[in-house]
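What follows is a single structure, written as structure tokens, with notes after it.
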Amino acid sequence: MIRFEDIVDAVLAYNESADIDLIKKAYVYSAKVHSGQLRDSGEPYLSHPLAVAHLLTKLNMDETSIAAGLLHDTIEDTCSTPEEIKDLFGEEVLFLVDGLTKIGRIKFSSQEEQQAENYRKMILALSKDIRVIIIKLVDRLHNMRTIDILPPPRKKRIAQETLNLYVPIAERLGISWIKHELEEIAAQTIYKREYLKVKDKLSLTKEEREAYINKVIAIVEEKLKGFGKPVKIEGRPKSFYSIHNKMLSQNISLDELYDLNGIRIICDTEGDCYSLLGIIHSIWTPVHGKIKDYIALPKANMYQSLHTTVIGPEGHHVEFQFRTDQMHLIAEYGIAAHWKYKEFVESKRSGMVDQAEEQFEWIRHMLEYQHEIKDPKEFLESMRLELYSDEVHVFTPKGEVKQLPKGSTALDFAYSIHTDIGHHCVGGRVDGRMVPLKYELQDGNVVDIITSSSHKPNQDLLKIVKTSRAKSKIRSFLKEEQRESGVLLGREIVAKSIRDLRLKVDDYVKDSKLLPVAQGAGFSTTENLLLAIGRGKFSVQNIISKIVPAEILEKIREGNKWSVRELIKKVTSKKEERVGVEGIKIKGLDGVLVRVAKCCRPVPGDRIVGLISRGRGIIVHSANCQNIVDVAYEPDQIIGVEWDLPKDSVYQVIVLIKVVNRPGILGMVTNAIALKGFNISDVRLDTKSSKDAYMEISIDVPDSTKLPEIVTAIKSIKGVKSAVRINKHSLSNQKEPQGDGD
Ligand code: MN
């Protein structure tokens, strides 16, 4: 068990002027409130906060953190209160202890929604003060070190949670010794049986492997005699976790795993790393594709080293890492090297603190976007991407390097430069070649983005981008756009109701009338009210009754005994064909987006009617669609719409034809259609019966008025039993049989 004196000694070793009184006070208080409590192991509970505080000294943490480490379980597990902690130890210590208590209360559940929420909280705590997360990590480390005492189900759950959450956080903070120890214990706990197997096997060959590594080291040392600078060479045993992972991911057995050991060479300067790499390559042949230069391109957690794998003596693979002392410090301590750095200040170049802040940008990213991403699944996904994934390094045409999560696309790159560039991005050039937006970036790509000022984002782009930044930017653009058309639609719906009463729209649909109504209904602006109406969340009748005098409203009620059919008849009776803008037009209103109903798929020329649907805008149905009668629930929903087409637009109709099953009949039918001058875009057949055959032919028509003439032509063919228009295919698309290879 750690004694209090051990902690004091450790702190004084790196900070002579540390406030030992504060730490002592925290110790005495913690001992008092935890007294009598025991851990599951039967040890006094105090041993846990002591161990946590001692681990914190290994990261050279400040006195405040160490005091908080000693006190971290007091609010949660004892009778002490936040007020008391604040009075005794001050605001800062309370802030840390409080943060830890809150994280401790998070219940980790397997349900995704819950899990997303927990990550959110974790990230939030992380952002406010990184020390909270470091203390939490160390707390978890000690709990993992003593996990064996717990009952198996709890053990497994905690181990799994450690792998899912704490290991990636340790990884991202760059504190690799904690990461390794956590994943090692967690993996051993979860894969107990495999662990014992691997351990047995490894111990059998232990001497042999040690002898091998020593032999390699001896050769290297001999060769480096002329190097002239001191270097440290150390053997590096691979962990169970990495062996296990390798066996799983490469699907090989333990016997096939020869490169269980690696060698690390720590040297003085960056230049030495490259020189040493050259020397090693002059002794043994490097394995292709295994040289990794994390010095020139550091990982997001600041990790720097040079890696290579060579074919060593007896043909075994040996992995080498080269790094300077400072790189080693960062490799082991990551963000905590921040504090460790004081030891280096005199001898090494400065600027590391700034670098640290810059490098931990992902924390800021997560924060910026975490409140914008509402769908928990998506949040988790982007969280995983930020936490787990490797990066690719790509370059701007000017040679500036950009770091993006692996899997990022050209469009992500565009958004990483500037939101506007993302919005207007239509494609890219990678290493001089044109690529689509969805092009997945590869290390070293030089990416040039092509923009067009008239281009704007759409829903489909959300499937292309991987980064949370790009997703949130696209989403907020779409939201704004939808909002605008929603407001427009809402305004038109109100205007239409006013027109239906034969009143002047301008007298009623204006701020002075609508704003009081909006505010009375809890909306801050008229726009918000109109938006709610446009989205079908607020009934227009509520508004009409407030802005229109009661006697006129009587008329509405009179006419309110309505029938959907009558209404449809009324709104579709005026026949005006107009040719102008694309698509379908709502009478008297430009620029509102409408959709064609999937149930009846009207084509131009059909009599149509609009249905204002709750939350989905205007859906255009065929006037004789049965569905609309079933779903319309108030007269206001039925709205007049009309076709409004450019001359050369083309629509697809599907005709189902029943024919006598005999050779040549398909050709006759398609010929008849072609002779009429129409294009066939799809043909589907069912010839299973020997008597009758069915065909479904998709024909491109400018509008539905042409259809009867086609159907008549088809019906006049001998052998055709019937031909009718249908709304969707019932037959599947048959592929031509493939040849037997060539
Ligand atoms: Mn604890």
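For the reader, a short list of remarks on this structure follows.
- Only residues that are under 16 Å from Leu553 (Cβ atoms) and of a type in the set (Ser, Thr, Tyr) were counted in segment 497-529, giving 2.
- Looking only at residues of segment 142-160 that are within 14 Å of the ligand (Cβ to nearest atom) and assigned to a helix (DSSP H, G or I), we find that the one that is most open to solvent (accessible area, probe 1.4 Å) is Arg145.
Every residue, every condition in (1) among the hydroxyl-bearing types (Ser, Thr, Tyr); (2) more than 15 Å from the ligand (Cβ to nearest atom); (3) modelled with pLDDT of 90 or more, yes or no:
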{"position": "Tyr14", "(1), (2), (3)": "yes, yes, no"}
{"position": "Val52", "(1), (2), (3)": "no, no, yes"}
{"position": "Glu84", "(1), (2), (3)": "no, yes, yes"}
{"position": "Ser110", "(1), (2), (3)": "yes, yes, no"}
{"position": "Lys121", "(1), (2), (3)": "no, yes, no"}
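- Note on segment 472-493: residues that are out of contact with any Leu (no Cβ under 7 Å at 6 or more places or on another chain), farther than 13 Å from Asn458 by Cα and buried (at least 17 other Cβ atoms within 10 Å of the Cβ) total 3.
- Where a residue in segment 667-683 is acidic (Asp, Glu) and its partner, wherever it lies, is modelled with pLDDT under 85 and surrounded by fewer than 12 Cβ atoms within 10 Å (Cβ to Cβ), with Cβ under 9 Å and at least six apart: Asp682/Asn733
- Considering residues of segment 1-47 that are among the small types (Gly, Ala, Ser) and open to solvent by less than 40 Å² (accessible area, probe 1.4 Å) only, the residue farthest from Thr81 (Cα to Cα): Ala10
- Within segment 495-509, residues that are closer than 18 Å to Ser539 by Cβ and modelled with pLDDT of 80 or more have Cβ atoms under 8 Å from residues that are in a helix (DSSP H, G or I) and open to solvent by 90 Å² or more (accessible area, probe 1.4 Å) in these pairs: Val509/Arg491, counting only partners at least 6 apart in sequence or on another chain.
- The lone exception for Asn245 - which of (1) in a helix (DSSP H, G or I); (2) on the phi > 0 side of the Ramachandran plot it fails: (2)
- Residues located in segment 511-552, provided they are assigned to a loop (DSSP other than H, G, I, E, B) and either open to solvent by less than 60 Å² (accessible area, probe 1.4 Å) or out of contact with any helix residue (DSSP H, G or I) (no Cβ under 6 Å at 6 or more places or on another chain) (or both): Ala521, Gly522, Phe523, Ser524, Thr525, Gly536, Lys537, Phe538, Ser539, Val548, Pro549
- Residue within segment 404-416 that is in contact with a Pro (Cβ under 8 Å, 6 or more places away or on another chain), under 24 Å from Glu171 (Cβ atoms) and touching a residue at least 60 places away in the same chain (Cβ under 8 Å) present: no
- Residue within segment 134-141 that is within 16 Å of the ligand (Cβ to nearest atom) and open to solvent by 20 Å² or more (accessible area, probe 1.4 Å) present: yes
- Selection within segment 54-77: residues that are more than 14 Å from Asn143 (Cα to Cα), within 11 Å of the ligand (Cβ to nearest atom) and charged (D, E, K, R). The member of this set that is surrounded by the most Cβ atoms within 10 Å (Cβ to Cβ) is Asp77.
- Tally, over segment 41-50, of residues that are more than 25 Å from Lys179 (Cβ to Cβ) and either within 12 Å of the ligand (Cβ to nearest atom) or among the acidic types (Asp, Glu) (or both): 3
- Among the residues of segment 27-37, those identified as more than 14 Å from the ligand (Cβ to nearest atom) and closer than 18 Å to His72 by Cβ are Tyr27, Val28, Tyr29, Ala31, Lys32, Ser35.
The values are calculated or read from the model by the stated rules, or taken from the named source; none is laboratory data. Keep in mind it's a predicted model, so treat the numbers as computed, not measured. Neighbour counts run over all protein chains shown; Cβ positions are idealised from the backbone, glycine included. For the accessible areas, the whole protein counts, side chains as well, though only heavy atoms, and no ligand, DNA or RNA atoms are used. Shrake-Rupley method; radii C 1.70, N 1.55, O 1.52, S 1.80 Å.
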